[in-house]
Each structure stands twice: as C-alpha cells, then as structure tokens.
Amino acid sequence: MESPIEGYLARIHREISELKDGKPYSTIPAMANVNPDNFGICLTTVDGYVYEIGDTREEFSIQSISKPFTYGLALADLGLDKVDEKVDVEPSGDSFNEISLAEGTGRPANAMINAGALTATSLIKASGGITRIKRIVNTYSAFAGRELSIDEEIFASELEHGHRNRALAYLLRSFNIIENDPVPVIEDYFRQCSVLVNCLDLSLMAATLANSGRNPMTGKQVMEILPVERVLSVMTTCGMYDDAGSWISTVGMPAKSGVGGGTISVLPGQVGLAVYSPPLDEHGSSVRGIATSQRLSQDMELHFVRAA
Ligand code: GLN
C-alpha cells in the first residue's frame, strides 16, 4: 500500500506536471533534444529512507550541480584559507556565466558561478596515480553511493561549443588565479559537467550533505564536516545565482541547480531533495524544480526558519 508521503508526492507530481513553462538547455546541441516532460522527484532522509515519484531513474548530465562537490573536494584537499585566496564567498547577483571577478586580483565572487567553478577544478590535483577528473568523479560517486560516469557525447558537445568558458579560463589564467595551463582545466570542467546522474543519485548526494558528509546508504564519511559546512553556506547564498534571494525567501534551503534540469536542496540534519525536469527559466534553473521545491518546503515545513 502507498504510504501517505508517496500519495502526497504523487499529487504534487500530478499538479506540477501541468506547468509547461521554460525550455530545455539548447546551447549544447547534445542536450537539446531531451524529452521536456521528464519529471522526477526524490527525497532521501539522513537515516536512508527514499521517497520517489516519476522519472527518478532517467539519466541526465549533472552540469552545475557538480560545482559544490568539486569546491568541497578543493576545500578538503587544500584547506579553507588556501581556497579562499583563489575564490571568494560572496554572492555575485549575476548569472552563472558572468565574468564576476574582483577588480585588480581577478578573484571570482564564488565557486557556484562558472568562473569560480573553473578555478575550483584547477585546484584539484592528480594524486596517488589518480587523475584529477577521476578524483572528481570518484567524489561525486561516493556522494551518490554508486559509480558514476561521463557522457562522452555531451562532453564532446561542451568542448565544441563552450567558448565562453574557455574565455573565462584564459582570463583567470591572466590573473594567475588559475596557475597552470587552462586547457586541461577547461576540459576537466566540461567532463565534470557531463557526469550522468539520475534524480535518486542527486537526492543521495544532497542527503549526504544533509548528513554532515556521511552517505546515509553506504555509511561512508565521504567528506569532513568543515568543507561540508562551507559548501552548504555558499550554496545558501550563491547556489541559485541571481535568483538566490528569491529562492532562500520561498524555499529556505541551501540549493544548487544545473542546466541539465536537476535541482538539489539540502535541509541539514534532515533531508536531501532532488527534482529533475529539463525546461529552464531565465536563470538557467528548472521551472518545475523551483515550483516543486517551493511547494514541498511549504507543505513539509522545510524552510530553515520553520524546520529549526
Ligand atoms: N556546462 C554549463 C556551463 O558551464 C553548466 C552551466 C549550468 O548548469 N548552469 O556553462
């Protein structure tokens, strides 16, 4: 028999399916012909209960939801101070691909916009015979609790069309924010954006953040609390880019969106929420992702002020 929460999620899913606004991301041709009706919702609690409805096993590219996890790995590798020298923690109020660099130093405003994310990727080094990108994908996999992989077609498409990200990386190199050859950094950034996930994976990644870095399914401590705390702080102020203020007012949880159609929200100590729906609003965030997160936050009292 259906549990009350499953019945509730089915109702929300049905209602929000009526919302037809937005368009899937089209800058990357390999992503343009996704089915816009794909729609999944998945909630995972810190004690490992999963509630899901809709297309929760459909795979799509993680895109910018990769950013907090790579930032976390950089923080875990280098410590907060070293990373802070390269990337600030201030909301830029700009869109995700804006050139939000500090005057004089070129330091990106935060690690959730592309400039800061490229910088975070550059800070990850190969270690113990494991390449940078392998370490990055291993980190996402540990958060998701299964081995994730890169979609080579999306990666090839990003490589061909990601001119703005190339320009950003070269600009960062000119300021010595990126200290090494920008080309492999750009490539690894495109690879990390092309990692395939489903809605269940994302909810587990969010739940692992909610659970202070311990994956609720595998029981593994995949990241220490200090980087997790910092990642969640920056997700709170910057995760939704120039929509962050409205998001925190209406949803009230640290979050991250990606142009693949994924949205994650984290209620620390309680739950990770993931929504998958490709049509995007003008900020590059999923229209149904936002509507669903707002609705669940209200109905389940997930806003951090109420949940406290
Ligand atoms: N790959 C995209 C980019 O770098 C990711 C952007 C996003 O998801 N907001 O432009």
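Rule-based calculations on the coordinates, nothing more; no lab input. Computed from a prediction, not measured in an experiment: that's the story for all the values here. Please note: Cβ atoms are built from the backbone with ideal geometry, for glycine as well, and neighbour counts cover all protein chains shown.
Stokes-Einstein diffusion of the range 64-193 at 25 °C, 0.890 mPa s viscosity, Kirkwood radius from Cα pairs, rounded to a whole number: 167 µm²/s. In straight-distance terms, cross-link reach from LYS220 covers every one of the aspartates and glutamates whose alpha-carbon lies under 20 Å from its own, apart from those fewer than eight places away in the same chain; here that gives ASP47, ASP77, GLU147, ASP201, GLU229. Each residue, GLU85 and ALA156, gets one label point 7 Å from its Cα in the Cβ direction; the gap between the two is 4.1 nm.
The length gained by stretching the chain between SER233 and GLU301 to full extension, at 0.36 nm per residue less their Cα-Cα distance, is 22.5 nm. Taking Cα atoms, how many degrees apart are the long axis of helix 152-161 and the longest axis of the chain, rounded to 10 and kept between 0 and 90? Helix 152-161 sits roughly 50 degrees off the main axis of the chain.
For the range 195-308, the equivalent ellipsoid derived from the Cα gyration tensor has semi-axes of 21, 16, 13 Å, listed largest first.
Shape summary: the chain maps onto an equivalent ellipsoid whose semi-axes, from the alpha-carbon gyration tensor, are 29, 20, 18 Å in decreasing order.
For the chain, averaging the sequence separation of C-alpha pairs within contact (under 8 Å, six or more residues apart) and dividing by the residue count gives a relative contact order of 26 percent.
Computed about the Cα centre, the dipole magnitude for the chain is approximately 480 debye when only Lys and Arg (+1) and Asp and Glu (-1) carry charge, each at its Cβ.
Listed by chain and number, the lysines whose alpha-carbon sits under 21 Å from that of LYS23, ignoring those within fewer than 8 places in the same chain, are LYS256. For the chain, with a Gaussian network of springs between Cα atoms less than 10 Å apart, report the residue from SER17, SER293, SER285 with the top mean-square fluctuation. For the chain, modelled as a Gaussian network with Cα springs under 10 Å, the answer is SER17. Fewest-first ordering of TYR51, TYR140, TYR189, TYR170 by other beta carbons within 10 Å of each residue's beta carbon gives TYR170, TYR51, TYR140, TYR189.
For the range 296-308, the Karplus equation 6.51 cos²θ - 1.76 cosθ + 1.60, evaluated at θ = phi - 60°, returns couplings of 5, 4, 5, 5, 9, 6, 9, 4, 4, 6, 6, 5, 5 Hz by residue, with Gly and Pro reported as x. Taking other residues whose beta carbon is less than 11 angstrom from the beta carbon of ASN198, and scoring Lys, Arg as +1 and Asp, Glu as -1, yields -3.
When the chain is described by a simple charge dipole with +1 on each Lys and Arg Cβ and -1 on each Asp and Glu Cβ, the residue from ALA126, ILE136, PRO216 located farthest towards its positive end is ALA126.
Each of the peptides 60-66, 76-82 was scored by the mean count of other Cβ atoms within 10 Å over its residues; in descending order, highest first, they stand as 60-66, 76-82.
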